[in-house]
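Structure first, then comments.
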Amino acid sequence: MRVPGVRFVQGRNRYGTSTKYAIAVHATANNASAANEAAYATRRTDGTSSHFYADNVEVIQSLDTADRAGHAGSTQGNTYAIAVEFTGLTSWSRAKWLSSVAWERIGAVLAAVSRHHNIPATRATVAQMRSNPRVRGAYDHNQMRLAWGGTDHTDPGPNFPWDKLLAVWQRHLAPPPPPPPPPEEEVEMFLIKKKSDGTVFVSDGVRRRPLPNFDAQRALQAIGVKSVPDVDTDAQLEAVAGPLAA
């Protein structure tokens, strides 16, 4: 898939297509921008490629997620994982990583990829990877090294904030909250008197109730219930205040 709303810059080094089961997290080992990495991917000749590049500004897609990229050093990683390269160094601190990634943007991108490929926003273990190369979830380059070999890379490093990545990814995967209920229409009560017998009613314009005594009338007036002009007949009373409530 090409993620809607994500800038696509076609990269080189595609090796057919494959069914994907996981997200593979990498670090570029430099301070280049995602745009520079994506531009380099259009001309690099070392066989390396990635599906996405992410920095603190944007995420750029370089290969369709169906494409098989050259990112892992192992057949399993290259075949079954979608590669995401975060621009940065394995030596970075947690604080540096937290300030160097457009987390909400990458969370939204991973959520879109997850829905398309049925990839859960969870981190797989090395043991799970060894027992099942098609394990669904996410892992990093160092985990691929430990599970399948083929590389000496240990990125993204021990301080990469996996908890932050999984949190934003999971949040964007969650269904949106239901819209709030419409506000209840405020009903304005009023007092009305029938002249012929002096009975006072309280009404909302739909139904009316007689007030038992003058004190009840004064209590309603004290909280701001207004009076409307008196009426002479039952027909007029019902037209203004509605029928008697059951």
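Summary of computed values
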item	result
Distance histogram for region 7-173 (every C-alpha pair counted, 5 angstrom bins, percent rounded to whole numbers)	2, 10, 19, 24, 24, 16, 5, 0
Additional length obtainable on full extension of the chain from Gln221 to Asn31, 0.36 nm per residue less Cα span	61.2 nm
Sequence-distant lysines (8 or more away, or on other chains) whose Cα lies within less than 20 Å of Lys96	Lys164
Exposure proxy ranking, count of Cβ atoms within 10 Å, fewest first, for Lys226, Lys20, Lys193	Lys226, Lys193, Lys20
Protection proxy ranking, peptides 59-65, 93-99, average beta carbon neighbours within 10 Å, highest first	59-65, 93-99
The chain - percent relative contact order, Cα under 8 Å, separation 6 or more	18 percent
Sequence-distant aspartates and glutamates (8 or more away, or on other chains) whose Cα lies within less than 13 Å of Lys194	Asp230, Asp232, Asp234, Glu238
Value at 222 nm in deg cm²/dmol, rounded to 500, when DSSP H runs of n ≥ 4 in the chain each add -39,500 (n - 2.57)	-8500 deg cm²/dmol
Kirkwood estimate for region 142-246, i.e. one over the average of 1/r between Cα atoms, Å	19.7 Å
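Every number in this text was worked out from the coordinates using simple rules, so none of it is lab data. This structure is a prediction, so every number in the text was calculated from the model and none was measured. FYI the Cβ positions are ideal-geometry reconstructions off the backbone, even for glycines, and counts take in every protein chain you see.
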